[in-house]
Amino acid sequence: TLKLISKILYPNTGSVNVEGKVSALLELGTGFHPDLTGRENIFLNGSLLGMSRKAMEGLYEQVVDFAELGQFIEQPIKWYSSGMVMRLGFAVAINVNPDILITDEVLAVGDETFQRKCMEAIATIRRSGKTIISVSTAPDAVRALSSPALWLDPARAPPDARPAVTPPPTLSHP
């Protein structure tokens, strides 16, 4: 479903209507080319998100500052750790000013300090009234990112059951 919303995949039947700019962090490295440098991948990823080169030039320093990659920005990302790739992807995703931010367990990598920085950035996006769709198996992350939260547990729900909407701080089954 997330890939349909972010227009990575298209439905075989029916349609998915999305209004606004979508920035999705679904898999580590999506929208990046391993042989390109961090710098080159910022522009590549921005273009995939519908941004012009000129717009990305205006955002470049913000992205680099947020990612905290220093001189590694000039290295091909095939040499980056998974945490470094996540830093770069997240920095691009939030700095293009999306109307809808989609994350799927991407904050599971990286150091704790940077994860907190990402959570603060997501909270800022949420306070601005933007839509955040986040998938996580970590209840604390769901509590921090979502209000309300949708708890899906196929093991406990009958096949025709609808998910329960539960406001934080309690994530419980109905």
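Kindly indicate the residue of the range 95-116 that is open to solvent by 30 Å² or more (accessible area, probe 1.4 Å) and touching a residue at least 60 places away in the same chain (Cβ under 8 Å) and also nearest to Leu26 (Cα to Cα) among those meeting that condition.
Asp104
So which of Pro163, Pro158, Pro174, Pro167 is modelled with pLDDT under 60 and loosely packed, with under 11 Cβ neighbours inside 10 Å?
It is Pro158.
Scan the range 117-146 for residues that are modelled with pLDDT under 85 and open to solvent by 80 Å² or more (accessible area, probe 1.4 Å) and jot them down.
Answer for the range 117-146, where residues must be modelled with pLDDT under 85 and open to solvent by 80 Å² or more (accessible area, probe 1.4 Å): Thr137, Asp140, Arg143.
Quick check on the range 37-90: of everything there that is without any contact (Cβ under 8 Å) to a residue 12 or more places away in the chain and part of a loop (DSSP other than H, G, I, E, B), which residue is farthest from Leu101 (Cα to Cα)?
Among residues in the range 37-90 that are without any contact (Cβ under 8 Å) to a residue 12 or more places away in the chain and part of a loop (DSSP other than H, G, I, E, B), the one farthest from Leu101 (Cα to Cα) is Ser81.
Taking Lys7 as the residue in question, decide whether it is under 23 Å from Ala121 (Cα atoms) and either in contact (Cβ under 8 Å) with a residue 40 or more places away in the chain or under 15 Å from the mean Cα position of the chain (by Cα) (or both).
no
The values are calculated or read from the model by the stated rules, or taken from the named source; none is laboratory data. Please read all numbers here as calculations on a predicted model, not as lab measurements. Methodologically, a virtual Cβ is constructed for each residue, glycine included, from the backbone with ideal geometry; neighbour enumeration extends over all protein chains shown. Only protein heavy atoms, including side chains, enter the accessible area calculation; ligands, DNA and RNA are left aside. Shrake-Rupley method; radii C 1.70, N 1.55, O 1.52, S 1.80 Å.
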